[in-house]
Amino acid sequence: MKVIKITAIIFLFFLIASGCANENVQIKFDVDSNLGYCHNQAQRTLTEIGDTTLIPRNILKDQQHWNLYPAVIGEWTAGFWPGTLWYVYENSKDEKIKASAIHYTELLYPLSKLPAYDHDLGFQLFCSYGNAFRLTGNEEYKQIILNAADTLATLFNPVVGTILSWPREVKPRNWPHNTIMDNMLNLEMLYWASKNGGNKELYNIATKHAETTMKNHFRPDNSSYHVAVYDTINGEFIKGVTHQGYADNTMWARGQAWAIYGYTVVYRETGDKKFLRFVEGVADKYLDNLPENEYVPFWDFNAPNIPDEPKDASSAAITASALLELSQLEDDEKKASKYKQAATNMLIELSSDKYQSRESKPSFLLHSTGHWPNKSEVNASINYADYYYIEALTRFKKYNLDN
């Protein structure tokens, strides 16, 4: 039987108080209530921003309204707002939301016609047009995705075996070929294109990228670097460094979340058990290092001033969505149960008064950290946190996990 959200929160509090929140205990979660909340917040955003061609990106700590950005090539988050609207439409069947989703998706069309600027085409065009095609079947949207996949593939270096993430950082930082962990999320578009009428070689590119990243982008303890730097002459790994984490030897929370999500997709698409075993280690490293009896991490697991460091709700949302899917793919029942329970706990915590924006702001979530070293988007609402939160809610409902 479903229970209202407040009951779930009280139950979670009881578990924490009894010291067993990390045990494999079934917790009920009212997914429909939280999907309804997202619907209301999306409607509120659309009312507040009005008729615009700008994309909501963030609401900073002391602000109450979205900061809007143009959907230009350098705006890597541009696809998350239309993608969020598609998920809202999928769950609500609200035709006005669908019309807005179409509007904001089609604003990104020019990005599909340009040479590759960096690796973010997957974030920009698969979160938007990918969900649009999935829910409408519009063949024009399909072709845009296929074109974008071909464009992204032009950044693949066969000598190195990965996609170049940031061409703009090659000279300033002396990073001849750099690949960031975030890039793992863009492989899904290549896999999708390869089996939906695109170039079959895209499958091989995505898998090679995943294999090379698996080999070089992780430490022996399964924690990840943010950036791997390679030699373009011989393809050898030069070093692992950070860009948005605290230090080169620390575990940046969102980077580890990207890795869990990315390798879950790679296993889903390839069926190769080496990727399943690998992502288990990466996921377990994340879960084992969460704050005690909490499921939203600090922005970097090794930041020096914990517990006085900012949290990162976006990392929890990404990880919750990934673990829900991983729980469905697992061949180990204990692992499947562990990942489903951890994801449920993450959603319960994200759906609490502490992390939902509620009346204070028109976003879904509070307390994400975008780029702490640059003091950018710290303790903010950010559009990709909202995107992965509603994706996780949608998966929770789709997998019928509330029964």
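The values are calculated or read from the model by the stated rules, or taken from the named source; none is laboratory data. Owing to the predicted nature of the structure, the values given are computational and were not obtained by experimental measurement. Using ideal geometry, Cβ is built from the backbone for each residue, glycine included, and neighbour counts are taken over all protein chains shown.
Here is how the numbers come out for the structure above:
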read-out	value
Residue match in the range 162-184 (condition: touching a strand residue (DSSP E or B) at 6+ places or on another chain (Cβ under 8 Å), among the aliphatic types (A, V, I, L, M) and free of Cβ contacts under 8 Å to residues at least 24 places away in the same chain)	yes
Per-region count, the range 207-242, residues part of a loop (DSSP other than H, G, I, E, B) and surrounded by fewer than 22 Cβ atoms within 10 Å (Cβ to Cβ)	12
Count of the range 336-356 residues which are among the polar types (S, T, N, Q) and either within 11 Å of Ser314 (Cβ to Cβ) or assigned to a helix (DSSP H, G or I) (or both)	4
Single match in Glu377, Glu391, Glu359 (criterion: assigned to a loop (DSSP other than H, G, I, E, B) and either basic (Lys, Arg) or at pLDDT 95 or above (or both))	Glu359
Residues that are surrounded by 19 or more Cβ atoms within 10 Å (Cβ to Cβ) and among the hydrophobic types (A, V, I, L, M, F, W, C), drawn from the range 47-91	Ile55, Ile59, Trp66, Ala71, Ala78, Phe80, Trp81, Leu85, Trp86, Val88
Those residues of the range 246-265 which are part of a loop (DSSP other than H, G, I, E, B) and either under 19 Å from Asp120 (Cβ atoms) or among the charged types (D, E, K, R) (or both), in sequence order	Asp248
Single condition Asn379 does not satisfy, out of (1) under 19 Å from Asn293 (Cα atoms); (2) under 18 Å from the mean Cα position of the chain (by Cα); (3) surrounded by fewer than 22 Cβ atoms within 10 Å (Cβ to Cβ); (4) not β-branched (Val, Ile, Thr)	(1)
Qualifying residue in the range 97-113 (condition: out of contact with any Leu (no Cβ under 7 Å at 6 or more places or on another chain), aromatic (Phe, Trp, Tyr), assigned to a helix (DSSP H, G or I) and buried (at least 24 other Cβ atoms within 10 Å of the Cβ))	no
Wholly enclosed helices (runs of 4 or more DSSP H) of the range 124-188 bearing at least 3 residues farther than 17 Å from Val265 by Cβ and not charged (D, E, K, R)	131-136, 139-153
